[in-house]
1. Where a Cα-Cα gap under 26 Å defines reach, which lysines qualify for Lys103, not counting those fewer than 8 residues away within the same chain?
2. With each pseudo-label sitting 7 Å past Cα toward Cβ, what's the Trp98-Lys73 distance in nm, one decimal?
3. Hey, got the dipole for the range 37-117? About the Cα centre, +1 on K and R Cβ, -1 on D and E Cβ, debye to the nearest 20?
4. Report, ordered by chain and residue number, the aspartates and glutamates lying within cross-link reach of Lys41, taken as a straight Cα distance under 16 Å and ignoring same-chain residues fewer than 8 apart.
5. Which FRET efficiency, nearest 0.05, do Gln42 and Arg64 yield, Cβ-Cβ r, R0 25 Å?
6. Could you give each residue of the range 90-107 its phi-based ³J(HN,Hα) in whole Hz, using Karplus coefficients 6.51, -1.76, 1.60 with θ = phi - 60°, and x for Gly or Pro?
Amino acid sequence: QLQASGGGAVQAGGSLRLSCAASGGIRRISSMAWYRQAPGKQRESVASTTWGGITSYADSVNGRFTISRDTAKITVDLQMNSLKPEDTAVYYCYAEVWESGRKNSYWGQGTLVTVSS
């Protein structure tokens, strides 16, 4: 239902762009977000956007990452600039979707981002 892509390996200071596409009947999205989970750590929120365009960021990525959504294509991207080794993690796409009068949660498969120093 959520297909993430764009991970890879990059040196510190570099950039990567992650993309997430919704499919399989997902239509009425309330919000979408990117989470990440580093080895040995809990999954944490990185950035989120309401479908109306209100965005929020974790303090650790604010000013370096930008989340954007395409309401026609039902996609959400995460532009990551000035990457640091501590950004290394598996990144997950997440969506809250209105279905039958309630919000349901969907997770995409993770995509690995590796930042070397």
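Every number here is computed from the coordinates shown, using simple stated rules; none is lab data. What you see is a predicted model, and the numbers here were worked out from it, not measured in a lab. Note: ideal-geometry Cβ built from the backbone for every residue, glycine included; neighbour counts use all protein chains shown.
1. Lys73
2. Here the answer is 2.4 nm between the modelled labels.
3. It works out to roughly 80 debye.
4. Lys41 reaches Glu86, Asp87.
5. On the way: r = 21 Å, r/R0 = 0.84.
Taking R0 as 25 Å, the efficiency between Gln42 and Arg64 is 0.75.
6. Result, rounded to whole Hz: 8, 9, 10, 8, 9, 9, 9, 10, 7, 9, 6, x, 9, 8, 10, 9, 10, 10.
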